[in-house]
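The values are calculated or read from the model by the stated rules, or taken from the named source; none is laboratory data. Keep in mind that what you see is a predicted model, and the values were worked out from it rather than measured. Neighbour counts run over all protein chains shown; Cβ positions are idealised from the backbone, glycine included.
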Amino acid sequence: MMKKRVISGLAALVLALSGSGAAVGNFDGLSFDIAASAEYSGDDYIYNYIADGVTGERVAVSIDEYIGDSTNVIIPSEIDGLPVTTLGEAAFKGKEIDRVVIPNSVKSLSYDYDYGVFSDSTVRTVILPDSLDSIPRATFMNCASLESIIIPSSITKIGYRAFFGCTSLTNVTLNEGLFSIGDEAFKHCTSLKTILVPKSVKEIGVYAFGYRKSDHVMEDFTLQCYRNGIPYQYALSNSINYEIVSAISKYNPDITATAGTNSVSLNWNTVKNAQKYAVCGYSNGVWNVLAETADTSYEVKKLKTSTNYKFAVIAMFEDEWYPDYSNAKSVTTKEEDITVVYPEVTGVYVSRKTHQARVEWEPAAGAERYCIAILENGKWNVKSYVNSDTFELTTPKLTPGTIYTFAICARFNGKWDTSKINSRAFNVCAL
């Protein structure tokens with residue numbers, strides 16, 4: 001549950017009551033009184049309620065800053081029962097994070113003049129929702145650890161310096177529907193050696209691709225484009241290496257499968273131009289989609305032990321799955337590791353009157369029955385049995401003055417467990 005801490009204080013209360021001094025803006029066709037909303041701190045986020053400017057009713061939440069400890073962040077779609085619709089311009093700025101998943105409730109990413117939501121952070125992977133229509137200026141600027149990004153087809157504009165200085169960025173997927181790429185959007189992305197720009201792009205700003213910070217062309221960069229389009233003209237006018245593509249080469253990744261007891265871990269290589277991947281399982285002669293992901297790994301859970309399964313991973317191109325299952329892998333889950341707990345003898349009582357010994361023990365988890373065995377002529381022989389709810393046995397009559405060797409054994413899954421029986425044995429001197 002969120003801890004709430006009002007930090008805007010009396011000033012916000014006065015604004016809310018008086019109605020003066022409040023800045024009113026538009027959001028998805030509604031008017032919101034943002035300045036008069038109180039700011040709160042949660043366990044993982046500092047956030048604002050966004051109120052309707054007319055009714056004053058709270059209608060949404062804007063996350064201003066992530067203050068959690070986890071480096072693997074899944075942003076909630078709701079806080080206090082209200083949709084999270086906005087990420088503030090410094091929500092993850094400079095944060096030490098690894099992976100962020102943004103929910104479909106988020107409609108916009110805020111920005112300032114020279115920084116944005118993730119700028120200067122250590123983020124390596126960000127999953128963008130298809131609820132966004134733009135990536136504003138400086139959103140990922142100087143994210144030196146960012147390795148790959150898939151731009152959803154809902155995005156129509158990438159702003160100024162949106163990915164400037166992402167020096168580890170090696171894989172960018174731009175989907176059809178993108179219209180405008182701003183100035184220096186991918187400038188100084190020194191690890192980005194190639195990028196396919198879709199036909200839908202009609203505007204490309206200066207130094208958008210293929211340039212270093214010094215404004216020099218990257219000689220090892222190649223722009224993939226369709227002939228006679230705006231990207232093709234950009235490559236020619238900037239003397240950038242280019243490759244004409246006539247159609248997307250479609251194929252599915254190679255996968256490896258590692259079995260656990262109740263799970264299987266799947267890993268696969270990145271497929272060029274793939275929008276995302278589907279993990280599929282084969283059952284009753286039919287391939288079924290188990291999950292969709294932009295990552296290159298997935299763990300299938302809640303499987304049966306010692307059971308054979310068949311999995312495949314297929315890729316999506318141009319909003320369609322490529323249904324080739326020739327990369328499928330069969331894998332058998334491991335046997336359940338059952339650690340046997342032996343019955344532990346707690347007491348041996350020898351009777352001089354009956355010439356017998358009574359043995360007591362602590363129960364063993366999962367035992368079905370118990371028995372007492374005696375070592376005779378180098379062999380173990382079972383003498384008596386009891387059910388799993390009885391924890392004592394009396395030996396047959398013994399010869400006074402004779403030393404006997406006994407052991408208590410338990411039966412698990414229909415089999416008597418005699419492992420390490422010699423080390424568990426005990427001696428009794430008959431009276």
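Table for the structure above
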quantity: Filtered residues of segment 352-392 (kept if polar (S, T, N, Q), touching a Ser or Thr at 6+ places or on another chain (Cβ under 9 Å) and either outside the structural domain of Tyr404 (by TED's automatic domain parsing) or touching a residue at least 24 places away in the same chain (Cβ under 8 Å) (or both)); calculated: Thr354, Gln356
quantity: Answer residue from segment 188-239, given it is closer than 15 Å to Phe164 by Cβ and of a type in the set (D, E, K, R) and is surrounded by the most Cβ atoms within 10 Å (Cβ to Cβ) among those; calculated: Arg212
quantity: Residue in segment 266-284 that is nearest to the chain's Cα centre (by Cα), counting only those that are polar (S, T, N, Q) and farther than 12 Å from Tyr309 by Cβ; calculated: Asn267
quantity: Residue within segment 372-381 that is part of a loop (DSSP other than H, G, I, E, B) and surrounded by 14 or more Cβ atoms within 10 Å (Cβ to Cβ) present; calculated: no
quantity: Filtered residues of segment 345-361 (kept if touching an Asp or Glu at 6+ places or on another chain (Cβ under 9 Å) and either among the small types (Gly, Ala, Ser) or surrounded by 12 or more Cβ atoms within 10 Å (Cβ to Cβ) (or both)); calculated: Val345, Gly347, Val348, Tyr349, Arg358, Val359, Glu360, Trp361
quantity: Residue that is surrounded by 13 or more Cβ atoms within 10 Å (Cβ to Cβ) and not assigned by TED's automatic domain parsing to the domain that holds Ser148, where the choices are Ser306, Ser297, Ser249, Ser283; calculated: Ser297
quantity: Cβ pairs under 8 Å, 6+ apart, first in segment 231-257 and among the acidic types (Asp, Glu), second not in a helix (DSSP H, G or I); calculated: Glu243/Thr194; Glu243/Thr222; Glu243/Leu223; Glu243/Gln224; Glu243/Cys225; Asp254/Trp268; Asp254/Asn269; Asp254/Asn327
